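The values are calculated or read from the model by the stated rules, or taken from the named source; none is laboratory data. Because the structure is predicted, anything quoted here is derived from the model rather than measured. Note: ideal-geometry Cβ built from the backbone for every residue, glycine included; neighbour counts use all protein chains shown.
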């Protein structure tokens, strides 16, 4: 499993000393750890803090190291709880985080309570930079900005908590812009990365190699689309994409639909599904079909499908159709909706560009 | 089944929904109002928060049992779904 986030202890880990014991002159950062962290940041791995210190310590660490921290848990509770809260807050699975602490007991506590996390000492960390868990095959522009984007996300969430209006009003206030365009070969590395990294919003559950994506972009029978997201807090770049098999019959089939969980709650998946339904209707299709591997992880995607009027196909066996029907593992389920009626409205924050051959709405 | 069969569960669901969406106006939401679409506008984020809290509070895994998430049509249907699995009083079995 690739590590997406490193959660750092401060005292004698990221800092070369103990914050609270140093009075007016807090300890400098540990140069080896900061170098490792910066290297990981440049590979798109984000950083967070779990420290038995007051919150000022996290602010000091950010300023002293020059790193962006996507989350900080400062307090005297269990470190394993801090690790779980950080993962939940960032929308990451706990097997995608590493925890670095110089204290053997803290490491043992986190290892026992969160066995799926990678638990390391600072000495391990210097070496771990070369491990496969920390070495993504591709590093996209989005990946290099990831730490910064999480910092922007924190500011957005803080404002959202204070905001009095509805979610749509907040999206407008943020000047949210969702841009849907045909993919080009320049988008291939990012589309591949999304196919590897996305789980909560992914219909296929399998990585798509770059050559296959290039082939699909060239194919006249397919339409490959990328979705960009930006607002006044920052530019998230390409956050989603999809592959549509245009088919000869009256159905369009979305063979791959994926979105970064960072874009969750910002109207992106809703915009993409509405755009797909409009495009399919205008392209002469009667049905828009989305085969989806149903897993415990992609419940958010099923919620978006339900909200957009998609239904799972009837099962042959009578009774309630349950995702647990297939005890052998996740089941591929065909979700679909008719697109012959009045097309769903596109939210006001969506910008589209017509692709060659397929008219945008 | 109508929502009227589980008024206590509905009351608790209203509070969970208001917290998940950050909207106090939903504390007065009628049991028959659709949760998806205009009005409540349940989406993947608020829906996930709602389902997580329902599982924590009632021990019912709605997403694991209901492929189309039909239980989320209204507060009434969700309360009925939960009551059916908890013996009617909203408390997890056992």
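Taken across the stretch A:279-290, residues that are part of a strand (DSSP E or B), modelled with pLDDT of 95 or more, within 14 Å of chain B (Cβ to nearest Cβ) and under 30 Å from residue A:96 (Cβ atoms) do occur, with at least one present. Does the stretch A:129-150 hold any residues that are in contact (Cβ under 8 Å) with a residue 60 or more places away in the chain and farther than 21 Å from residue A:190 by Cα, and which are they? A:129, the sole residue that qualifies. Taking residue A:275 as the residue in question, decide whether it is surrounded by 24 or more Cβ atoms within 10 Å (Cβ to Cβ), farther than 27 Å from residue B:64 by Cβ and assigned by TED's automatic domain parsing to the domain that holds residue A:193. Against the criterion (surrounded by 24 or more Cβ atoms within 10 Å (Cβ to Cβ), farther than 27 Å from residue B:64 by Cβ and assigned by TED's automatic domain parsing to the domain that holds residue A:193), residue A:275 does not qualify. A count restricted to the stretch B:17-66 and to residues that are within 7 Å of another protein chain (Cβ to nearest Cβ) and either in a helix (DSSP H, G or I) or in contact with a strand residue (DSSP E or B) (Cβ under 9 Å, 6 or more places away or on another chain) (or both) stands at 8. Tell me, yes or no, whether the stretch A:182-199 has at least one residue that is within 14 Å of chain B (Cβ to nearest Cβ) and at pLDDT below 95. Taking every residue of the stretch A:182-199 in turn, at least one turns out to be within 14 Å of chain B (Cβ to nearest Cβ) and at pLDDT below 95. Only one of the numbered conditions (1) at pLDDT 95 or above; (2) within 29 Å of residue A:297 (Cβ to Cβ) is violated by residue A:121, and that is (2).
So which of A:229, A:191 is over 17 Å from residue A:246 (Cβ atoms), assigned to a helix (DSSP H, G or I) and in the same structural domain as residue A:294 (by TED's automatic domain parsing)? Unique residue meeting the criteria: A:191. Residues considered: B:20, B:6. Of these, the only one that is under 23 Å from residue A:89 (Cα atoms), within 12 Å of the chain's Cα centre (by Cα) and modelled with pLDDT under 90 is B:20. Of all residues assigned to the stretch A:196-214, at least one qualifies as being more than 23 Å from residue A:335 (Cβ to Cβ), in contact (Cβ under 8 Å) with a residue 24 or more places away in the chain and more than 22 Å from the chain's Cα centre (by Cα). Number of residues in the stretch A:145-189 that are surrounded by fewer than 14 Cβ atoms within 10 Å (Cβ to Cβ) and within 29 Å of residue A:217 (Cβ to Cβ) equals 3.
Residues that are within 16 Å of residue A:284 (Cα to Cα), modelled with pLDDT of 90 or more and surrounded by fewer than 19 Cβ atoms within 10 Å (Cβ to Cβ) within the stretch A:332-341 comprise A:338, A:340, listed in sequence order.
Listed here are the residues, each with its yes/no results for (1) within 18 Å of residue A:128 (Cβ to Cβ); (2) over 17 Å from the mean Cα position of the chain (by Cα); (3) touching a residue at least 12 places away in the same chain (Cβ under 8 Å); (4) in the same structural domain as residue A:200 (by TED's automatic domain parsing).
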residue	(1), (2), (3), (4)
A:11	no, yes, yes, no
A:23	no, yes, no, no
A:35	yes, yes, no, no
A:74	no, yes, yes, no
A:93	no, no, yes, no
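Is there a residue in the stretch A:66-80 that is surrounded by fewer than 19 Cβ atoms within 10 Å (Cβ to Cβ) and assigned to a helix (DSSP H, G or I)? Within the stretch A:66-80, not a single residue is surrounded by fewer than 19 Cβ atoms within 10 Å (Cβ to Cβ) and assigned to a helix (DSSP H, G or I).
Selection over the stretch B:67-94 of residues that are modelled with pLDDT of 95 or more, more than 10 Å from chain A (Cβ to nearest Cβ) and assigned to a loop (DSSP other than H, G, I, E, B) gives a count of 1. Considering only residues in the stretch A:90-114 that are part of a loop (DSSP other than H, G, I, E, B) and either modelled with pLDDT of 95 or more or touching a strand residue (DSSP E or B) at 6+ places or on another chain (Cβ under 9 Å) (or both), the one that is surrounded by the most Cβ atoms within 10 Å (Cβ to Cβ) turns out to be A:101. Checking the structure you have, find out if any residue of the stretch B:7-14 is in contact with a helix residue (DSSP H, G or I) (Cβ under 6 Å, 6 or more places away or on another chain), closer than 18 Å to residue B:69 by Cβ, facing another protein chain (nearest Cβ under 9 Å) and outside any loop (DSSP other than H, G, I, E, B). No.
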